[in-house]
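In what follows, a single structure is set out as structure tokens and then discussed.
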Amino acid sequence: MRSKTAAGFTFLVALLAARAASPDPDLGAIRWDGHTREGSFDAQTKEIYAYSRPSADGRVPFCGYYYGAGSVGLSCDTVAVAEQENAYAAWAGIDYWAFMEYPDGSGLEAGLENYDASSNRALVAHSLILNQHSYAQAIGPASGDYIAKTVARLQQSNYKKVLNGRPLVFVYEDICGPDVIGTYCSPWLFQQLDSRLAPAPYYVYLGTNGFHDYLGMNAVSQYLAFPSESQSYSDFAHDVRNAVNNGLWATAESSGIDIVPFASTGFNPQPRFDCGTYCYADIYGSRAVVTLGTSLEVANHVRTVADLANFFSVPRPGYGYPRAYDPANIVLIYSWDEQSEGPGLMPTIGPDTSRIDAMRAEFNPVPEPASAALALTACAGMASLAGRPARGRRASTQRASPPRRWIAHANAAKRLTPRAPRPPVRNAD
């Protein structure tokens, strides 16, 4: 039997050969747009409070501004900002957005609305992450309208398609709400969409709650990775590259479904911790954080996961993989804009484009989009916002509880397993 060292070296050679023999996988970036518009979730105000902490230095989105003694304001709810984000993402080699779907009035729907209105949306395709808010609309009094609207979106030319035209649909683990497992609602919702679309969507489950939630899913991936203890980004990236993606592969192997390899830009919600309960500091089960990775470290990590996706995009029987485990040849990245929790790839005040510049140097997307510097003209008036008072906390008679995405993260208490010694390689005798 080959030694682990020899097997690992052979696998590395195979990854490099796969990279040379085929194009890079399509890269997707998760976005939740909490900084974009105030609404019933009060997400924008919470982000302003978190960004105003010293620990948030270097994280404020490019569409934010400082005023007074370290206070932060946000002016991100415009089509011009969405157009600049599209240009930035294309510069970085991002092929598609993964929008968390939220209901009207929540404030978090603004990012998708502005994307829809952007003139350069063809630069970056988009996809949806369905969740319990989606299901609530699907079974609510306006069910028919919601289903028709969703079908129409999935048919749009700039909606991300995979595997010969299948709309890419991510499904967040708490889609049915806090007390219902996926067995009961996901297949029903899928049936509504499948009966109206040809070909049927490609459903990707985001989470690790158990096999019952995979019913009706075509693939499994992950939304977010937590550190088991405070650690450096390099160690965290190693854990994500190996432990998390090994877990996805094991699920695919046992269930017969596919995987979408997962990459993470980091996990450091220190600004939320420093802000306190109002910024959801109490929903995290641990205060473990990851030190902020350098732009080069983050881009290199995404590259290693992209190589993994490329390797799994076709059968590799010579290495013990008889089928393609990522036939769509796509990657999902956490995140674009989770700045107070990640942070993400999104450029920050300055603008500081170092993270997307490192991504561009690594992936060199072709054809070349408009440069990140020229994209600044999309928001030429942004500098005039300096000194504008920050929006105050808006009173609301319809204030909702914290987005269940955050609560689910805390309650699930999902933690990375110890560092895996190597990628999933079957040793041959």
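Taken together, the values in this text are just the output of simple stated rules run on the coordinates, not laboratory data. All figures in this text were calculated on a predicted structure; none of them were measured in a lab. Here Cβ is always computed from backbone atoms with ideal geometry, including for glycine, and neighbour counts include all displayed protein chains.
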Worksheet entry | Computed P(r) (all Cα pairs; the range 23-387; 20 Å bins; percent) | 30, 62, 8, 0
Practice prompt. List the relative contact order of the range 23-387 as a percent without decimals, with contacts defined as Cα pairs under 8 Å and 6+ residues apart.
Written response: 23 percent
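Please give the length that would be gained between ALA152 and ASN300 if that part of the chain were fully extended, namely 0.36 nm times their separation in residues minus their C-alpha to C-alpha distance (nm, one decimal). Could the numbers behind the result be given before it?
Values: separation 148, 0.36 × 148 = 53.28 nm, distance 3.71 nm.
49.6 nm is the gain from fully extending ALA152 to ASN300.
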Worksheet item: So between TYR66 and SER143, what do we pick up on full extension, going 0.36 nm a residue minus the alpha carbon distance?
Response: 23.4 nm
Worksheet item: What is the gain in length, in nm to one decimal, between ASN364 and ALA136 on full extension, counting 0.36 nm per residue of separation less the C-alpha to C-alpha distance?
Response: 78.0 nm
Item to complete: Would you calculate the separation in nanometres between label points at ASN164 and ASP235, each defined as 7 Å from the Cα along the Cα-to-beta-carbon direction?
Response: 4.7 nm
Worksheet item: Given a cut-off of 16 Å, what percent of all Cα-Cα pairs of the range 187-266 lie beyond it?
Response: 55 percent
Worksheet item: Once label points are set 7 Å from the Cα along Cα→Cβ at both VAL79 and TYR319, what is their separation, rounded to one decimal in nm?
Response: 4.6 nm
